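Quick one: structure below, then a few questions.
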Amino acid sequence: MNVDPAQIEDAARVLSRGELVGMPTETVYGLAADAANPEAVARVFAAKGRPQFNPLISHVADPDMAMREGVLDGRALALAEAFWPGPLTLVVPVAETGLSSELARAGLSTIGLRVPRHPIAQALLRAHGGPVSAPSANPSGKLSPTAAEDVRTGLGDSVSVVLDGGASEAGIESTIIGVIPDEPARLLRTGAISRGDIEALVGPLTSPRPDKITAPGQLTSHYAPRAAVRLNAIEARAGEVLLAFGPGAPSAAANLSLSADTVEAAANLYRMLRELDAQGAEGIAVMPIPETGLGEAINDRLNRAAAARGDR
Ligand code: TXA
Ligand code: MG
């Protein structure tokens, strides 16, 4: 991946003016804003059409910058060491030295932190020098973008610059782990790192606290294409196209992974849903995906895509 220094400089200037940048990451494209500037952060909510102010992830270039924004205990540090830079987000107590605005964390006393590894994200974060809020760069409730043109199509002129970093490698959002002192580590969102890989380091993960604010990614209907989504399908019915998985599927169908590899399937998920949606079928029938590896995250997104609309 070539990183053009002039383009990065330009994008960093856009951020410092309080405008929005489409930023490639190894998970999905983010809608980047200066996290320290509440007006810029407010523009993110407006551009996405998010119904309310929800906490955003602050992206930083390295663990030292993360430790300026949040308080990482031993468990958080072990996870950071193993998975940063990469598709892990840690929700930890806010540090007093933090620069992220209150709006970026929706007034919470905790903050979501991530060190992405995509070279363009790394270069932009270094050039900016401070935390960058970046939710997925899609209109609220819709499929997350996995290519630069998806950002333009979804968000249009509300983004000043879109940096093209190619197809997103993981294709699914980061795994979010809450690590708050005196509480068990919690799996707040499944994602590009499997539960098993996290549990190998910090032991069994607990569910989110039931009194927690509902974040958009946790709404029942989210990540949704236009077409109706039907799960655990064996074949397409009239009016449907098939999204297949594994070697036993009809060969003409789009296939998330012929070899039944859940990492490959995650990387293909949003792109294939978008492509099938564009064919204009009434429905997308999705074959069953096992819960192993990244299957848990894929099924989480598919269940939300299939849920009855109207609660977002
Ligand atoms: O892979 C990703 O994480 C992408 C790329 C662009 O980095 N970003 C992303 O951001 O998915 P977004 O805004 O779509 O999801 C952020 C989620 C929120 O919905 C919420 O669940 C969680 O992060 N979050 C952030 N801060 C939090 C906090 N203080 N407490 C609880 N959850 C938090
Ligand atoms: Mg999102």
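In debye, nearest 20: dipole of the chain around its Cα centre with unit charges on the Cβ of K, R (+) and D, E (-)?
Value, rounded to 20: 740 debye.
Can I ask one more? Taking the Cβ of LEU201 as the centre, find all other residues whose Cβ is under 10 Å away and add up their charges (Lys, Arg: +1; Asp, Glu: -1).
On the way: positive: ARG75; negative: GLU81, ASP197, GLU199.
Here the count lands on -2.
As a test, work out the antiparallel percent of DSSP beta bridges whose residues both lie in the chain, rounded to the nearest 5.
Percent antiparallel among DSSP bridges in the chain is about 45.
With springs only between Cα atoms under 10 Å apart, run a GNM on the chain and tell me which of LEU20, LEU294, LEU258 wobbles the most.
LEU258
Next up: For every other residue with a beta carbon closer than 11 angstrom to the beta carbon of ALA36, add +1 if it is Lys or Arg and -1 if Asp or Glu, then tell me the sum.
Here the charged neighbours net out to -4.
I would also like to ask the following. Suppose all protein chains stay in the model; what accessible area per residue would a 1.4 Å probe give for the chain, in Å²?
41
Do any chymotrypsin sites (Phe, Trp or Tyr not before Pro) in segment 1-67 lie in a loop, going by DSSP, with at most 13 other beta-carbon atoms within 10 Å of their beta carbon, and if so which? Could you put the intermediate results ahead of the total?
Values: sites: TYR29, PHE45, PHE53; in loops: TYR29, PHE53.
Here no chymotrypsin sites (Phe, Trp or Tyr not before Pro) fit, given the DSSP loop and packing criteria.
Based on the mean of other beta carbon atoms within 10 Å per residue, what is the order of 33-40, 248-255, most packed first?
Taking the mean over residues of other Cβ atoms within 10 Å, the ranking is 33-40, 248-255.
Segment 85-214: percent of C-alpha pairs farther apart than 25 Å? Provide the component values of the computation, followed by the final result.
Working: 2666 of 8385 pairs.
Taking all Cα-Cα pairs of segment 85-214, the fraction more than 25 Å apart is 32 percent.
By how many nm would the segment from ALA82 to LEU201 grow when fully extended, if each residue of separation counts as 0.36 nm and the alpha-carbon distance is taken off?
Result: 42.0 nm gained on full extension.
For THR153 paired with SER16, estimate the spin-label separation in nm (one decimal), with each label point 7 Å from Cα along the Cα-to-Cβ line.
So the two model labels end up 3.5 nm from each other.
Taking 2.2 N^0.38 Å as the expected size of a compact globular protein, what ratio does the Cα radius of gyration of segment 5-202 give against it, to two decimals?
Values: Rg = 15.3 Å, N = 198, 2.2 N^0.38 = 16.4 Å.
Taking the Cα Rg and dividing by 2.2 N^0.38 Å, one obtains 0.93.
Taking 0.36 nm per residue of sequence separation and subtracting the Cα-Cα distance, how much length would be gained by fully extending the chain between ALA46 and ASP182, in nm to one decimal?
Taking 0.36 nm per residue and subtracting the Cα distance, the gain is 45.3 nm.
What angle, in degrees between 0 and 90 and rounded to the nearest 10, separates the Cα long axis of helix 119-128 from the longest principal axis of the Cα atoms of the chain?
30
So how much slack lies between GLU282 and ARG237, counting 0.36 nm per residue of separation and subtracting their Cα-Cα distance, in nm?
15.2 nm
Which residues' amide hydrogens lie under 5 Å from the amide hydrogen of GLY70, considering only partners 5 or more residues apart or on another chain, with H built in the peptide plane?
ALA95
Could you derive backbone 3J(HN,Hα) for segment 104-117 from the dihedral phi with the Karplus parameters 6.51, -1.76 and 1.60 (θ = phi - 60°), listing whole Hz in sequence and x where the residue is Gly or Pro?
Each residue's phi maps through the Karplus curve to give 4, 9, 6, x, 6, 8, 10, 9, x, 10, 8, 10, x, 9 Hz.
Here's something else I'd like to know. Calculate one ³J(HN,Hα) per residue across segment 235-246 by plugging θ = phi - 60° into the Karplus curve 6.51 cos²θ - 1.76 cosθ + 1.60, and present them in order as whole Hz with x for glycine and proline.
Rounded to whole hertz, the list is 8, 7, 9, 3, x, 10, 10, 9, 10, 8, 8, x.
Springs between alpha-carbon atoms under 10 Å, Gaussian network over the chain: tell me which of VAL159, VAL115, VAL202 tops the mean-square fluctuations.
For the chain, modelled as a Gaussian network with Cα springs under 10 Å, the answer is VAL202.
Here's something else I'd like to know. For segment 228-306, what is Rg from Cα atoms divided by 2.2 N^0.38 Å, rounded to two decimals?
0.97
Can you list the residues, at least 5 places off or on another chain, whose amide H is less than 5 Å from the amide H of ARG189, using H built in the peptide plane?
When sequence neighbours closer than 5 places are left aside, the close amide H contacts are ILE176.
At 222 nm, what value in deg cm²/dmol follows for the chain if DSSP H runs of at least 4 each add -39500 (n - 2.57) and the sum is divided by all its residues, to the nearest 500?
It comes out at -9000 deg cm²/dmol, rounded to the nearest 500.
The values are calculated or read from the model by the stated rules, or taken from the named source; none is laboratory data. All figures in this text were calculated on a predicted structure; none of them were measured in a lab. When we count neighbours, we look across all protein chains shown, and the Cβ atoms used for this are built from the backbone with ideal geometry, even at glycine. Just the protein is used for accessible areas: all its heavy atoms, side chains included, with ligands, DNA and RNA removed. Shrake-Rupley method; radii C 1.70, N 1.55, O 1.52, S 1.80 Å.
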